[in-house]
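One structure below.
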Amino acid sequence: MTFPDILAYVSSLGVFFPLIIAIIRRENFTLELKLMFVYIIVSTLTEIIATFWARYLHSPNHFMLNIFSVVECLLLVLMYREVFINKLVKRITLITISVFTFFAIFNFTETSNFVKFNSLINSIACIIIIICVFIYFFQLLQTLTVQKLSVTPMFWISVACLLYFSGTLFLFLYGETVLFHKSPFFKELWVIYFILSFIFRIFLAIGLWFSKTPLQLKSSSKSAQS
Amino acid sequence: MNEVKIVILGTIAMLLPVSAIILFVIVYYRRQRLQRAAHEEALHQAMLEASVGSQEVVRRQIGGDLHDEIGALLSATRMSLSQLNKYSENESKRTLLLGRTEELLNEALHNVRRISKDLMPSTLDEFGLIEALKDFSQKMTLHTNLPIHFTCDLNARYDAKTELALYRSTQELVNNALKHAEAKEIKITLSENNKKLRLEVTDDGKGFDLEAVNQPSRGIGIKNIESRMSLIKGQLKFDVEIGRGSTFIITVPL
């Protein structure tokens with residue numbers, strides 16, 4: 001077994017970290033974290049099905065990656081829409097994701113776009129999520145409502161998204177040229193994807209771990225301290 | 001595709017988000033620090049204003065008391081004394097006027113003692129906080145016909161600054177409850193816990209909105225207490241809500 005193969009296994013198994021944490025902490029989830037929970041379930045199922053599809057049916061599973069990219073973008077953007085305060089930004093987010101979904105469905109009507117790895121759709125999905133992360137960071141800087149970033153779930157999730165989607169955007173931009181080239185150098189590039197994927201999942205797990213307790217969220221009595 | 005070009009692009013793609021995150025965290029904490037400093041400055045300014053405002057209130061009160069009570073009594077005494085000259089030969093009238101002048105002076109003296117006691121209760125100086133609060137709650141119950149219960153299992157004296165700050169804060173909180181809360185009962189509890197002195201003032205009144213109290217235009221009462229607490233490293237916590245009674249807890253390290 002080669003190093004990239006080991007990394008591929010570790011990366012695939014990494015999907016279970018956030019899933020386990022999400023199951024443990026699910027009682028504490030606010031709406032945006034519930035959407036993240038749904039995303040984690042979808043990504044775990046996709047990972048399992050795609051692995052079995054490739055190993056046992058010996059057939060390309062690129063169409064799954066294409067569908068998953070759209071669903072992933074939809075869920076993550078909806079999650080960010082929940083944390084955005086500005087109503088205009090919320091509206092633009094909704095319009096963007098609706099347009100993207102319709103565009104992706106329209107694009108998939110052509111068989112070659114659906115069956116092969118769709119570089120365009122994957123890249124657009126990455127760009128939309130990166131923009132959402134930057135809007136969230138900007139909102140944090142404007143409001144300064146978070147006392148400690150290191151214990152804020154959305155901060156960890158955003159760091160995970162920014163690292164993962166910026167890295168994969170570079171890979172997806174060149175699509176099949178880079179990812180499915182026969183040369184050993186281009187095959188090594190998959191290593192980057194596996195590492196990014198693993199880091200992404202670990203950071204998601206950390207973020208979900210810091211979800212607040214129900215007691216803190218439901219406390220109604222106001223108190224102040226001089 | 002050129003391998004070198006891909007390596008360069010890949011490195012940039014990795015470094016950019018990492019740099020963005022580091023930059024974001026640095027800027028965030030810097031802005032947060034600046035905001036905290038501005039907030040502390042505003043709080044300090046508010047406390048200073050409250051302190052000056054409080055001094056003005058006390059001065060006005062003393063001025064009013066001296067003018068209305070002592071001034072009026074001394075004027076009456078002067079008139080009474082000037083009339084003594086007129087009736088220098090009428091012994092019975094002189095005796096009557098002297099008796100009235102003595103009454104006026106006694107009343108003036110009594111009022112001076114009362115004003116002085118209001119300014120600095122002698123019970124607090126002589127017998128300490130516990131006795132002073134007991135005395136205060138009994139007198140207030142008598143004057144207002146509202147039950148003000150004081151509970152304390154302690155028997156100790158504390159630092160003079162602490163005793164005065166806690167006594168004044170209790171006065172402020174009880175007065176607030178009487179003026180604004182429409183309370184039917186007020187409870188004052190003094191206790192010690194984990195090397196901290198804990199004073200709790202609760203009422204069953206109509207409560208108030210915390211946001212309104214936190215406004216810069218709010219009354220000087222709470223600011224005064226906060227100002228006093230900052231001097232003795234005490235903490236004021238309050239559990240309040242419109243429609244239910246209020247609870248104020250003051251803790252002071254011993």
Test each condition in (1) part of a helix (DSSP H, G or I); (2) open to solvent by less than 90 Å² (accessible area, probe 1.4 Å) for B:Ser88 and report the one that comes out false. (1)
Test of understanding: among A:Pro4, A:Pro18, which residue is open to solvent by less than 40 Å² (accessible area, probe 1.4 Å) and more than 20 Å from the chain's Cα centre (by Cα)? A:Pro4
For the range B:7-18, enumerate the residues that are more than 17 Å from A:Cys161 (Cβ to Cβ) and at the interface with another protein chain (Cβ under 7 Å from one of its Cβ atoms). B:Leu9, B:Gly10
Just to check your reading of the model, which residue among A:Leu65, A:Leu76 is under 19 Å from the mean Cα position of the chain (by Cα), part of a helix (DSSP H, G or I) and without any contact (Cβ under 8 Å) to a residue 60 or more places away in the chain? A:Leu65
Write out, first by first residue and then by second, each pair whose Cβ atoms fall under 8 Å of each other, whose residues are 6+ apart or on separate chains, and whose first residue, in the range B:104-116, is within 15 Å of B:Ile62 (Cα to Cα) while the second is open to solvent by 60 Å² or more (accessible area, probe 1.4 Å). B:Ala108/B:Leu74; B:Ile115/B:Leu66
For the range A:153-160, check the following and say yes or no: at least one residue is crowded, with 21+ Cβ neighbours inside 10 Å, more than 16 Å from A:Phe210 (Cβ to Cβ) and within 9 Å of another protein chain (Cβ to nearest Cβ). no
Give the residue, chosen from B:Asn193, B:Asn111, B:Asn155, that is loosely packed, with under 12 Cβ neighbours inside 10 Å and over 25 Å from B:Ile222 (Cα atoms). B:Asn155
Could you list, ordered by first residue, the pairs with Cβ atoms under 7 Å in which the first is in the range B:166-185 and assigned by TED's automatic domain parsing to the domain that holds B:Glu226 and the second is open to solvent by 20 Å² or more (accessible area, probe 1.4 Å) and among the basic types (Lys, Arg), at least 6 apart or interchain? B:Arg168/B:Arg228; B:Ser169/B:Arg228; B:Ala181/B:Lys206; B:Glu182/B:Lys206
Tell me, please, whether a residue that is under 20 Å from A:Lys34 (Cα atoms), part of a helix (DSSP H, G or I) and open to solvent by less than 30 Å² (accessible area, probe 1.4 Å) can be found in the range A:108-126. no
Between a residue in the range A:17-44 that is closer than 20 Å to A:Cys132 by Cα and any residue that is open to solvent by less than 70 Å² (accessible area, probe 1.4 Å) and outside any helix (DSSP H, G or I), which pairs come within a Cβ distance under 7 Å, given they are 6 or more apart or on different chains? A:Leu33/A:Ser211; A:Phe37/A:Phe29; A:Ser43/A:Val15
Looking at B:Ser227, B:Ser246, B:Ser169, which one is within 12 Å of chain A (Cβ to nearest Cβ), at pLDDT 85 or above and in a helix (DSSP H, G or I)? B:Ser169
The condition from (1) more than 7 Å from chain A (Cβ to nearest Cβ); (2) open to solvent by 90 Å² or more (accessible area, probe 1.4 Å) that B:Met47 misses is numbered (2)
Any idea which of B:Arg114, B:Arg100, B:Arg94, B:Arg78 is under 37 Å from the mean Cα position of the chain (by Cα) and in a helix (DSSP H, G or I)? B:Arg114
A:Ser59: outside any helix (DSSP H, G or I) and either touching a helix residue (DSSP H, G or I) at 6+ places or on another chain (Cβ under 9 Å) or among the basic types (Lys, Arg) (or both), yes or no? yes
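The values are calculated or read from the model by the stated rules, or taken from the named source; none is laboratory data. Note that this is a predicted model, so its numbers are computed, not measured. Backbone-built Cβ (ideal geometry, glycine too); neighbour counts: all protein chains shown. Side chains included, ligands, DNA and RNA excluded: accessible areas come from the protein's heavy atoms. Shrake-Rupley method; radii C 1.70, N 1.55, O 1.52, S 1.80 Å.
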